[in-house]
Amino acid sequence: MRAVDCHAHVFSRECQPVQGARYRPGYDALVQDWMALWPHAQVGRGVLVQPSFLGTDNGYLLRQLGAHRERLRGVAVIAPGVARTELLAWSAMGVCGIRLNLIGKDELGVYALADWQSLFRNIADLGWHVEIQCEGERVTCFLAALGSAPPALVFDHFGLPDPNAGGDCPGMSAIVREAEKRTVFVKLSAPYRMRGADARSYAGRYLAELGPERLLWGSDWPWTNHEADGAYKACGEWLESWIPSAAARKAIMWDTPSALYQFDA
């Protein structure tokens with residue numbers, strides 16, 4: 001089975017973290033080191049997600065995309081006001097989405113403001129999506145701010161369900177309802193970031209509610225701030241334990257991401 005690794009980060013110690021970054025790695029995570037792990041996990045393509053600690057300086061990510069255009073796609077972190085010409089240039093390099101890391105952000109209503117709404121329309125016109133890392137208990141607030149803005153959505157790490165919700169996180173319900181209005185994907189990744197919620201249970205429920213055509217898999221390499229919890233091949237084995245159906249896993253690991261990230265067949 002071939003796979004697309006839909007979630008990894010690359011950086012070097014030469015990259016400058018943004019002021020106030022909560023995490024500052026003291027090591028290199030190089031694209032060639034990540035790709036060297038692919039053959040043993042039957043991975044053939046990958047998606048680089050801009051690390052939050054590098055903010056909107058996407059230069060390092062863009063250089064890696066330029067060096068591996070056929071096998072890599074990227075998700076950038078940008079602020080409103082980026083010129084459409086720049087977005088078009090990035091699109092040609094393989095960027096196909098923007099990421100919002102909402103962990104610890106108090107005010108989600110900002111995404112209802114005109115500058116953000118304009119950005120959302122611009123990226124939707126390009127066929128990009130918005131990738132969201134947000135605690136499950138706050139998903140409803142984000143979706144309310146997003147309103148009718150048109151882009152597809154990708155929720156990181158199971159939508160980070162509320163571990164105090166007894167296996168029935170309102171955020172998951174909100175994600176499923178939103179999928180009735182627009183294209184929504186959920187990444188089955190990084191169970192160690194779920195704060196104790198049951199990954200297998202949520203994987204089964206997302207599969208039943210959304211189907212494999214709306215689920216993605218990612219390794220979360222190099223497991224930033226959770227380095228001791230990761231092992232590359234094990235990340236694929238986790239998915240096998242969560243999703244027993246080989247046909248469903250093929251869709252999640254290859255068919256669905258190949259279409260979303262616009263890889264050639």
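To keep it simple, each residue is scored yes or no on (1) over 12 Å from the mean Cα position of the chain (by Cα); (2) among the polar types (S, T, N, Q); (3) surrounded by fewer than 22 Cβ atoms within 10 Å (Cβ to Cβ).
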{"residue": "122", "(1), (2), (3)": "yes, yes, yes"}
{"residue": "126", "(1), (2), (3)": "yes, no, yes"}
{"residue": "134", "(1), (2), (3)": "no, no, no"}
{"residue": "139", "(1), (2), (3)": "yes, no, no"}
{"residue": "146", "(1), (2), (3)": "yes, no, no"}
{"residue": "150", "(1), (2), (3)": "yes, no, yes"}
{"residue": "154", "(1), (2), (3)": "no, no, no"}
{"residue": "157", "(1), (2), (3)": "no, no, no"}
Report summary line: Being over 19 Å from residue 5 (Cα atoms) and of a type in the set (Gly, Ala, Ser) narrows 231, 165, 199, 203 down to just 165
Query raised in the report: Taking segment 30-52 on its own, how many of its residues are outside any helix (DSSP H, G or I) and more than 15 Å from residue 9 (Cβ to Cβ)?
Result: 4
Query raised in the report: Which of the residues spanning segment 47-57 are surrounded by 21 or more Cβ atoms within 10 Å (Cβ to Cβ) and under 20 Å from residue 21 (Cβ atoms)?
Result: 48, 49, 50, 51
Query raised in the report: Filter segment 12-42 for residues that are touching a helix residue (DSSP H, G or I) at 6+ places or on another chain (Cβ under 8 Å) and of a type in the set (A, V, I, L, M); which is surrounded by the most Cβ atoms within 10 Å (Cβ to Cβ)?
Result: 31
Query raised in the report: Does segment 221-248 hold any residues that are farther than 15 Å from residue 9 by Cα, touching a residue at least 60 places away in the same chain (Cβ under 8 Å) and among the hydroxyl-bearing types (Ser, Thr, Tyr), and which are they?
Result: none
Query raised in the report: Of all residues in segment 42-57, which are out of contact with any strand residue (DSSP E or B) (no Cβ under 9 Å at 6 or more places or on another chain) and either touching a residue at least 40 places away in the same chain (Cβ under 8 Å) or among the β-branched types (Val, Ile, Thr) (or both)?
Result: 57
**Report entry** Among the residues listed as 204, 230, the single one being modelled with pLDDT under 95 and either closer than 18 Å to residue 136 by Cα or touching a strand residue (DSSP E or B) at 6+ places or on another chain (Cβ under 9 Å) (or both)
**Finding:** 230
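From the list 177, 214, exactly one residue is within 16 Å of the chain's Cα centre (by Cα) and charged (D, E, K, R). Which is it?
Checking each option against the conditions leaves just 214.
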Query raised in the report: Which residue, of 124, 144, 79, is under 19 Å from residue 183 (Cα atoms) and in contact with a Leu (Cβ under 9 Å, 6 or more places away or on another chain)?
Result: 144
Report summary line: The number of residues in segment 145-163 that are more than 23 Å from residue 47 (Cα to Cα) and out of contact with any helix residue (DSSP H, G or I) (no Cβ under 8 Å at 6 or more places or on another chain) is 2
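The values are calculated or read from the model by the stated rules, or taken from the named source; none is laboratory data. Please read all numbers here as calculations on a predicted model, not as lab measurements. As a convention, Cβ positions derive from the backbone with ideal geometry for all residues, glycine included, and neighbour counts pool all protein chains shown.
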